[in-house]
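The structure appears right after this line, and notes come after that.
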Amino acid sequence: MTPSSSSDRDRSFRFEYEPSTIRFGAGCVDDLAAELEAQGLERALVVCGSTVGETPTVIEPVKSGLGDRLAGVFDETTPEKRLETALEGRDRLEDVDADALVSLGGGSSLDVAKVISVLAATGRGPAAVGREFAESGTLSVPDDGLVPIVAVPTTLAGADLSIVAGVTASPDSGVVDEEIGGGFSGPGLMPAAAVYDPELVATTPESVLAGSAMNGFDKGIETLYASNATPVTDATARHGLEKLADGLGAFGDGRRDTGTFETILEGIVLVQYGISRPGETTASIIHAFGHGLARTDDVQQGVAHGVVAPHVLEYLFDRDGVDARAGMLATALGVDSAADHGAAVVEAVAAIRDGLDLPSQLREVDGPEPAAFTAVAESILNDAFMANAPPGLDPSVDEIEAVLEAAW
């Protein structure tokens, strides 16, 4: 592997970004009512999953922090992010007369909250919503009328400062005739505020945190080498990776103190900053691999990332003419003194993965078998995130299959 430079990159850029207000620090969920007041919001419906809704150490601090601005709790979200769940959530929003949504938990609850916001703004009935989703795989996002969202993450996937959402629909819902997955985006879907409380994150089961941490960590990796990287995202992603390397290293060594979670969360906030912007994202080839592996199999995204990330990076660094920015990644991960930056980065990423006790081989997860690798490779190449692959990369199906085989 040879160090890559960024000298050939186009240095011109346009950076448009309207991020959330960010509240950060131990116990900051105590300030939820104050944040709603600052945003001009009166009553909030908490959107979460049943586990979060039944876990006092998570739900009670949020309810207490909202105080008399708590309108109710809708604890029906699932990892499948169902359209029918969001329709029920909209009904609950209207029943309790709330003017804000507080998404509590992981990315699934945030995505469902975004769907609720869109449905409330459009006012369309289930039949019309189902028809649009069945025909297009998406939902139109209005320019105004969206219900503001305050995100309170309890995982580390880094989906909070985002203008996109995923959603699925089941034929059991009565709104579609077959299983459909899709998504939508719009600048108005950026949460009004994101509240990062390390004490709340520390209540999440370690197995959940590990997978989500790998997902968030890879956002920083990808942001540095994405074809649409900018000096702004370079700066935030690089510093975020420094924080994550320290915090996740400590986590892997068994440290569970507030300082460790603060360091990790600082990194997660930074690597998210500016990666989800109107019309673009810096998610790239590792995320495309994650989508391809989960297309027909029940593979958690963070686990998929952990398995393939070292192999994808090795593939990128070994390609002549590909600007995967091994030098900048080596600096961010604290291995820039190595003679071979690419090899040192691969080793550092694998060490983070191993410290999180995540699987290192595809054969260890509930994913596709080698016989399906050609179809998976084709899906990866067709993924929208491949448009952000490092400059100079022109992958073939055979090359992508080779990466999958190496990960097997």
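Taking the conditions exactly as written (open to solvent by 10 Å² or more (accessible area, probe 1.4 Å), assigned to a loop (DSSP other than H, G, I, E, B) and closer than 20 Å to R92 by Cα), does V141 satisfy them or not? No: the conditions fail for V141.
Answer with yes or no whether E242 is more than 30 Å from E364 (Cα to Cα) and of a type outside the set (A, V, I, L, M, F, W, C). No; evaluated as a whole, the condition is false for this residue.
Note on the range 195-222: among residues that are out of contact with any helix residue (DSSP H, G or I) (no Cβ under 8 Å at 6 or more places or on another chain) and not in a loop (DSSP other than H, G, I, E, B), the one that is farthest from E266 (Cα to Cα) is S207. Figure legend. Inter-residue proximity from the range 156-178: first residues in contact (Cβ under 8 Å) with a residue 60 or more places away in the chain and in a loop (DSSP other than H, G, I, E, B), second residues hydroxyl-bearing (S, T, Y) and open to solvent by 20 Å² or more (accessible area, probe 1.4 Å), beta-carbon distance below 6 Å, spacing 6+ or different chains. Indicated pairs: I163/S185. Going residue by residue through the range 62-72, is there one that turns out to be within 24 Å of G211 (Cα to Cα), touching a helix residue (DSSP H, G or I) at 6+ places or on another chain (Cβ under 7 Å) and outside any helix (DSSP H, G or I)? Checked against the condition, which is being within 24 Å of G211 (Cα to Cα), touching a helix residue (DSSP H, G or I) at 6+ places or on another chain (Cβ under 7 Å) and outside any helix (DSSP H, G or I), the range 62-72 yields no hits at all. Just checking, does the range 368-379 include any residue being closer than 17 Å to D218 by Cβ, surrounded by 20 or more Cβ atoms within 10 Å (Cβ to Cβ) and within 24 Å of the chain's Cα centre (by Cα)? Checked the range 368-379: no residue is closer than 17 Å to D218 by Cβ, surrounded by 20 or more Cβ atoms within 10 Å (Cβ to Cβ) and within 24 Å of the chain's Cα centre (by Cα).
Scanning the range 206-238 for residues that are under 18 Å from the mean Cα position of the chain (by Cα) and open to solvent by 50 Å² or more (accessible area, probe 1.4 Å) returns E206, S207, V208, R238. All of (1) under 24 Å from I22 (Cα atoms); (2) modelled with pLDDT under 95; (3) out of contact with any strand residue (DSSP E or B) (no Cβ under 7 Å at 6 or more places or on another chain) hold for S108 with one exception: (3).
The values are calculated or read from the model by the stated rules, or taken from the named source; none is laboratory data. The model shown is predicted, which means the values in this text are computed figures rather than measured ones. So basically every Cβ, Gly included, is an ideal-geometry build from the backbone, and we count neighbours across all protein chains shown. Surface accessibility is based on the protein's heavy atoms, side chains included, excluding ligands, DNA and RNA. Shrake-Rupley method; radii C 1.70, N 1.55, O 1.52, S 1.80 Å.
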